[in-house]
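J.: Pasting a structure below so you can have a look.
The values are calculated or read from the model by the stated rules, or taken from the named source; none is laboratory data. Keep in mind that this is a model prediction, so the values were computed, not measured. No Cβ is skipped: glycine too gets one built from the backbone with ideal geometry, and neighbour counts run over all protein chains shown. Calculation scope for accessible area: heavy atoms of the full protein, side chains included, ligands and nucleic acids excluded. Shrake-Rupley method; radii C 1.70, N 1.55, O 1.52, S 1.80 Å.
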Amino acid sequence: QGRDMRLSVWVQGLVLACVCLSHEQFHVLAEASTPNGARSSSGQENSNGLDFDYATFADHIGEEERIQLKERVRTMFYHGYDSYMQHAFPADELLPITCTGTRTMGDYSLTLLDTLDTLVIMGNYTEFEDRVRWVIANIDFNKDIPVSVFETNIRVLGGLLSAHMMAVATIPGVGGPVSGYNGELLVMALDMGWRLLAAFDTSTGIPYGTVNLRHGVPQGETPITCTAGGGTFSVEFGVLSALTGHAAFERAARRAVRALWSRRSEIDLLGNHINTQTGEWTHRDAGIGSGIDSFYEYLIK
């Protein structure tokens, strides 16, 4: 299972790399990012017993196939993005059967926020610049509405942070930085971060699953959350702290992860749902599927 998890993360990276890297560049990336404990480029198996050679994985994809995969990914992306912009924008998400928009997550054009960085990966810097300006002019998080802390973190906070970093960077062959951009997306990310941080005010440090963007944790909110919902914040909160100097976010994310890990079983397994106030597991099923998957993903990250 451990090996399958590692390969799953690597394959996700492969799909992304097929879009933006040449065969030679990807080979270098693969070799440089070989995880500690993975098989070396010399083919020698290491102490963890993994028999997969990450460094030569790129050699199994020829240039013609790489280009075909690149265009397939691009076509799939624009099918989704163009359909959202045509039929759903500025709603949060597209209902694919009725081709209408729905305000499901916070009424702040969730799909667009979640997609900004992908526009850059696709090389569409003009659309990226236009949408960054639209977001700055139109999105406000001061709303009396409950949202998922987990989903808002990975999609909204993560989307804003990655878009900000791309807006200030010069990306070879694509463009940048965005003309006239003054860090507004980072200001928005910080605003959202403070709103989400209210969910971490529990006796264990493991956050509630829902927070009202204007009023904090709703009265009567259940203290039960899934393991993924409690421990999938290290990347976004860590980056937010690094970019703003506010250490509270990284501290909260680390405390939550350590609180979950400290409650593992004698054989180092975690349950699926936990009471954020008492620290008691309410669903003791262990696995790597729904409700816990991204907890392990973020440990790797």
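J.: Hey, if we sort I267, I274, I154 by accessible area with the 1.4 Å probe, largest down, what's the order? Working shown, then result.
T.: Values: I267 125, I274 0, I154 50 Å².
In descending accessible area the options line up as I267, I154, I274.
J.: What FRET efficiency comes out for the pair T278/D140, r = Cβ-Cβ distance, R0 = 35 Å, nearest 0.05? Working shown, then result.
T.: Details: r = 36 Å, r/R0 = 1.04.
Efficiency computed from Cβ-Cβ geometry: 0.45.
J.: Taking 7 Å along the Cα-to-C-beta vector as the label spot, tell me the L95-I300 distance in nanometres, rounded to one decimal.
T.: Reported label-point gap for L95 and I300 is 3.6 nm.
J.: May I ask you to compute the full-extension gain from H215 to V168, defined as 0.36 nm times their residue separation minus their alpha-carbon distance, rounded to one decimal in nm? Mind showing how you got there, number by number?
T.: Working: separation 47, 0.36 × 47 = 16.92 nm, distance 3.24 nm.
Once the chain is fully extended between H215 and V168, it gains 13.7 nm.
J.: May I ask for the net charge around P90, where only other residues with Cβ less than 10 Å from the Cβ of P90 are counted and Lys, Arg are +1 while Asp, Glu are -1? If you can, show how the numbers build up before the last one.
T.: Working: positive: R103; negative: D92, D107.
Surrounding charge for P90 is -1.
J.: Additional query: Where in the range 184-201 is the amide nitrogen less than 15 Å from a point lying 7 Å along the Cα-to-Cβ axis of T244?
T.: 184-200
J.: If you don't mind, there's one more thing I want to ask. What net charge do the residues around I171 carry, taking every other residue with its C-beta under 15 Å from that of I171, with Lys and Arg at +1 and Asp and Glu at -1? Can you show the working numbers first?
T.: Values: positive: none; negative: D117, E127, E129.
Spelling it out: positives minus negatives among the neighbours equals -3.
J.: While we're here: Return the long-range amide H neighbours of I224 (sequence gap of 5 or more, or a different chain), with a cut-off of under 5 Å between placed amide H atoms.
T.: T276
J.: Pop out the carbon and sulfur fraction of the accessible area of the range 247-301 as a percent, whole number, probe 1.4 Å. Walk me through the numbers on the way to the answer.
T.: Numbers: 1610 of 3320 Å².
Exposed carbon and sulfur together represent 48 percent of the surface.
J.: Also: Kindly report, to the nearest 10 Å², the accessible surface of T170 as traced by a 1.4 Å probe over protein heavy atoms only.
T.: 100
J.: Let me ask another. Local charge sum around V211 (other residues, Cβ-Cβ under 14 Å, Lys/Arg +1, Asp/Glu -1)?
T.: Numbers: positive: K143, R195, R214; negative: D144, E151, D191, D201, E221.
In short, -2.
J.: Looking at the range 96-166, which trypsin sites (Lys or Arg not before Pro) are in a loop (DSSP not H, G, I, E or B) and have at most 16 other Cβ atoms within 10 Å?
T.: Details: sites: R103, R131, R133, K143, R155; in loops: R103, K143.
Answer in residue order: R103, K143.
J.: A follow-up question, please. Apply the Karplus curve 6.51 cos²θ - 1.76 cosθ + 1.60, θ = phi - 60°, to the phi angles in the range 236-253 and return the couplings in whole Hz, x for Gly and Pro.
T.: So the J values, rounded to whole Hz, are 5, 5, x, 5, 4, 5, 5, 7, 10, x, 8, 6, 4, 5, 5, 4, 5, 5.
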